[in-house]
Amino acid sequence: CKVPALIHEQNVYPGLTVKGAEKYVSCIAVSFEETLNHLKKDKCVVTGNPVRTKILEADKAKAREALGLGEEPFVLVFGGSLGADKINENVIGMLEKVCSEKKFRLKFATGDRNFENINKTIQEKKIELSDNVEIVPYINNMHEVMAAADIVISRAGASTCNEIAAAGVPCILIPSPNVTANHQEKNARALEEQGAAAVILEENCTAQAVMDKIRQLLEDRNAYNKMHDALLEIAVPDSAQRMCDIMEELTSGKTKK
């Protein structure tokens, strides 16, 4: 219909819909620099991925105070709203050490569908939870909890990666292998290559491997600070505005240039 169009690719590797539409649209907004290697560069603009205002405006000190946290390190683990079985399995495997060592506080979001089964498993394994561990089905105030966190452990979906970057929280990413074109690993590797994430593939993911990564980040402050800085370097806090600017140019008849 010759109508100017803007489309947006969230992931590093473009999906079939974006690949199929690229010759018809006026502009393709992309979240990662690496995506330029897979699309028509003359149509692409790196805009980042819009992040919720609450994530951008959250303050670490205020968030920690609101959550009643002291000076102890705080580790946040989640696998999305439905949870992630492999992540959940390994967190259960970590719990005895986390509770006995008490080196950090842990907030573990299981996903709604897994909450009851995980608590049942903990009881069956006779794991005695200590006061430094909190297990919840879902986190409604993610902007606050993520801002307060010292380490985030999660999947590597596009929105999650961009929110972690915007918050500048060093992370351990465990990409799901059960996604089209293995795009979560590509997202995670894009961050890893810039020193902005530690990556553990599911095939290598054990409770010990996760604990080792947590310890490395908490004990090596230089590496921790470098990851924090790298995440903020990647983050595009004005992503929504960049996309609005492109749309205004398209409606005025100008090119994206």
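The values are calculated or read from the model by the stated rules, or taken from the named source; none is laboratory data. Since this is a predicted model, take the numbers as computed values, not measurements. Using ideal geometry, Cβ is built from the backbone for each residue, glycine included, and neighbour counts are taken over all protein chains shown. Accessible surface areas use protein heavy atoms only, side chains included; no ligands, DNA or RNA. Shrake-Rupley method; radii C 1.70, N 1.55, O 1.52, S 1.80 Å.
Some notes on this structure:
- Sequentially through segment 231-240, phi angles give Karplus couplings (6.51, -1.76, 1.60; θ = phi - 60°) of 5, 5, 5, 6, 4, 10, x, 9, 4, 4 Hz, Gly and Pro residues having no value and appearing as x.
- Folded to 0 to 90 degrees: helix 207-219 orientation relative to the chain principal axis, Cα: 80
- A 1.4 Å probe, protein heavy atoms only, puts the accessible area of M247 near 90 Å².
- Sequence of Y24, Y13, Y138 from largest to smallest accessible area, 1.4 Å probe: Y24, Y138, Y13
- Note on the chain: GNM, Cα springs under 10 Å; of D220, D59, D112, the largest mean-square fluctuation is that of D220.
- Heavy-atom accessible area, probed at 1.4 angstrom with all protein chains present, ranks L56, L6, L173 as L56, L6, L173, highest first.
- Less than 5 angstrom separates the built amide H of V12 from those of N187, all sequence-distant by 5 or more or on a different chain.
- Long-range amide H partners of C171 with built H, under 5 Å: V152, A198
- Rolling a 1.4 Å probe over the protein heavy atoms leaves R215 with an accessible area of roughly 70 Å².
- Using the Cβ-Cβ distance between A5 and S252 with R0 set to 22 Å, the FRET efficiency from 1/(1 + (r/R0)^6) comes to roughly 0.90.
- Cα point-scatterer Debye curve for segment 102-257, base-10 log of I(q)/I(0) at q = 0.12 Å⁻¹: -0.62
- Potential lengthening of the chain between N222 and Y24 amounts to 66.6 nm, from the contour at 0.36 nm per residue minus the alpha-carbon distance.
- Derived scalar couplings ³J(HN,Hα) [segment 119-131; Karplus, 6.51 cos²θ - 1.76 cosθ + 1.60; whole Hz; x for Gly, Pro]: 5, 5, 4, 4, 5, 5, 7, 6, 7, 8, 6, 9, 6
- Percent accessible area from carbon and sulfur atoms, segment 45-140, protein chains only, probe 1.4 Å: 46
- Helix axis angle, 85-101 relative to the chain longest principal axis, alpha carbon, degrees: 40
- Where segment 155-251 is the region considered: accessible area per residue in Å², 1.4 Å probe: 46
- Backbone amide hydrogens, once placed in the peptide plane, bring F74 within less than 5 Å of R105, D150, I151, excluding anything fewer than 5 places away on its chain.
- T180 exposes around 110 Å² of accessible area when a 1.4 Å probe is run over every protein chain in place.
- Convex hull volume per residue for segment 197-257, taking Cα atoms only, in Å³: 125
- Legend: residues E192, E89, sorted from most to least accessible area (1.4 Å probe; ligands, DNA and RNA excluded), read E89, E192.
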